[in-house]
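The values are calculated or read from the model by the stated rules, or taken from the named source; none is laboratory data. Just so it is clear, the model here is predicted, and its values are computed rather than measured. Cβ sites come from the backbone with ideal geometry, for glycine too, and all protein chains shown count toward neighbours.
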Amino acid sequence: VAAVKNVKNPITLARLVMEKTPHCLLVGDGARNFADECGIERTPTEQLVTDEARAEYAQYCSEYGRAVSALFNKPHAGAAESNAGRDSHTADEATANEDAANTAPQPAPHRPVHAETTLSHDTVGAVAYDAAGQVACATSTGGITGKRVGRVGDSPLLGLGGYADSWAGACSVTGHGESIMRTMLASRVVSNMEDGQDPSAAARAALTHMYTRVEGRGGAICVDTQGRIGHFGTTEAMAWAEATGTLPPGPQASGSAPVVRSGVENGDGYASVP
Ligand code: ASP
């Protein structure tokens, strides 16, 4: 689902679209009407928009290009000023992107995160592999703070913000939606796994492609058809957690306790000014 308001759990609604309609994507009023039909209560806007989010919006709406650049684009010396509004396409930019595609990313000294860029991440993603060998993915986001009304990012779009195919694997991604769309990030990760790459290598290769091809940064989590888990990120921080274990099906599942590991991907040199 995309551009839908007053829904507390959009992934629950997305699952209902999958299970109860012949469609893959519902947006806006149509999605909200379908939620009403399914008995999903309307959550008041005041409960979904926090004071922190309002303050962040006030800070970001005047500097969207700069925020996106600092968070998600390839770092350049002096990038904060020169990259404002970089989503517009110019011949120069196209040439720069072609050049970038021929340049391998160079790990470089760490640059501290700017205080004003640390708030804007709210994307959550999950991938799962079950006892029958089926895989699934889910991605939910509020988008990028300061975006234009009507802008749909990668997260709700199949193959971009997430992709799952039980013959190949599943992936959920985060990062600069416009870069993710231009490089079909989630399906690229899944294709890499289908071609035999280890999941973390598959995520790294796809994110490296996005970085070199369109100068965008992001992160991915994935699982392959053997249940092997992978993750990689080119932003300054992406938190992840894994749980593995065998649980019988059903809501009251009890079985061997899941093993839980967690950590933070730290950009591996991609997030620093070369
Ligand atoms: N990918 C999301 C978007 O562009 C943002 C994010 O993952 O933080 O809407």
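For the structure I just gave you, tell me whether G150 is over 16 Å from G233 (Cα atoms), touching a helix residue (DSSP H, G or I) at 6+ places or on another chain (Cβ under 7 Å) and not charged (D, E, K, R).
Details: over 16 Å from G233 (Cα atoms): yes; touching a helix residue (DSSP H, G or I) at 6+ places or on another chain (Cβ under 7 Å): no; not charged (D, E, K, R): yes.
So G150 does not fit the description; no.
Return the residues of the stretch 177-217 that are touching a Phe, Trp or Tyr at 6+ places or on another chain (Cβ under 6 Å) and in a loop (DSSP other than H, G, I, E, B); say none if nothing qualifies.
R217
On the basis of being part of a loop (DSSP other than H, G, I, E, B) and within 16 Å of the ligand (Cβ to nearest atom), does T246 make the cut?
Numbers: part of a loop (DSSP other than H, G, I, E, B): yes; within 16 Å of the ligand (Cβ to nearest atom): no.
In short, no.
Hey, any hits in the stretch 132-141 for a residue that's under 20 Å from V190 (Cα atoms), more than 14 Å from the ligand (Cβ to nearest atom), in contact (Cβ under 8 Å) with a residue 60 or more places away in the chain and over 11 Å from the mean Cα position of the chain (by Cα)?
Yes: the stretch 132-141 contains one or more residues that are under 20 Å from V190 (Cα atoms), more than 14 Å from the ligand (Cβ to nearest atom), in contact (Cβ under 8 Å) with a residue 60 or more places away in the chain and over 11 Å from the mean Cα position of the chain (by Cα).
Looking at the stretch 17-28, which of its residues are within 24 Å of the chain's Cα centre (by Cα) and surrounded by fewer than 18 Cβ atoms within 10 Å (Cβ to Cβ)?
Residues of the stretch 17-28 within 24 Å of the chain's Cα centre (by Cα): 17-19, 23-28.
M18, E19, H23, C24, L25, V27, G28 - these are the residues of the stretch 17-28 that are within 24 Å of the chain's Cα centre (by Cα) and surrounded by fewer than 18 Cβ atoms within 10 Å (Cβ to Cβ).
Can you pull out the residues in the stretch 177-192 that are of a type in the set (A, V, I, L, M, F, W, C), away from the ligand (no atom under 13 Å from the Cβ) and crowded, with 24+ Cβ neighbours inside 10 Å?
To start, the set of residues in the stretch 177-192 that are of a type in the set (A, V, I, L, M, F, W, C) comprises 180-181, 184-186, 189-190.
In the following step, the residues that additionally are away from the ligand (no atom under 13 Å from the Cβ) were identified as 184, 189-190.
Matches in the stretch 177-192: V189, V190.
Show the residue pairs that are 6+ apart or on different chains and have beta-carbon atoms under 8 Å apart, the first residue being within the stretch 227-247 and under 21 Å from H209 (Cα atoms), the second being part of a loop (DSSP other than H, G, I, E, B) and hydrophobic (A, V, I, L, M, F, W, C).
T234/A271; T235/A271; E236/V113; E236/A271; A237/V113
Is it the case that Y211 is farther than 23 Å from A14 by Cβ, modelled with pLDDT of 95 or more and hydroxyl-bearing (S, T, Y)? Break it down into steps so the answer makes sense when it comes.
Numbers: farther than 23 Å from A14 by Cβ: yes; modelled with pLDDT of 95 or more: yes; hydroxyl-bearing (S, T, Y): yes.
Taking the combined requirement at face value, the residue satisfies it.
Scan (1) farther than 17 Å from Y163 by Cα; (2) surrounded by 11 or more Cβ atoms within 10 Å (Cβ to Cβ) for the single condition T45 breaks and write down its number.
(2)
Looking only at residues that are in a strand (DSSP E or B) and within 8 Å of the ligand (Cβ to nearest atom) in the stretch 147-176, which one is surrounded by the most Cβ atoms within 10 Å (Cβ to Cβ)?
Taking the stretch 147-176 as the starting set, the residues that turn out to be in a strand (DSSP E or B) are 158, 162-165, 169-175.
Among the residues that remain, those that are also within 8 Å of the ligand (Cβ to nearest atom) are: 173-175.
On the way: V173: 32, T174: 26, G175: 28.
Among them, the one singled out is V173.
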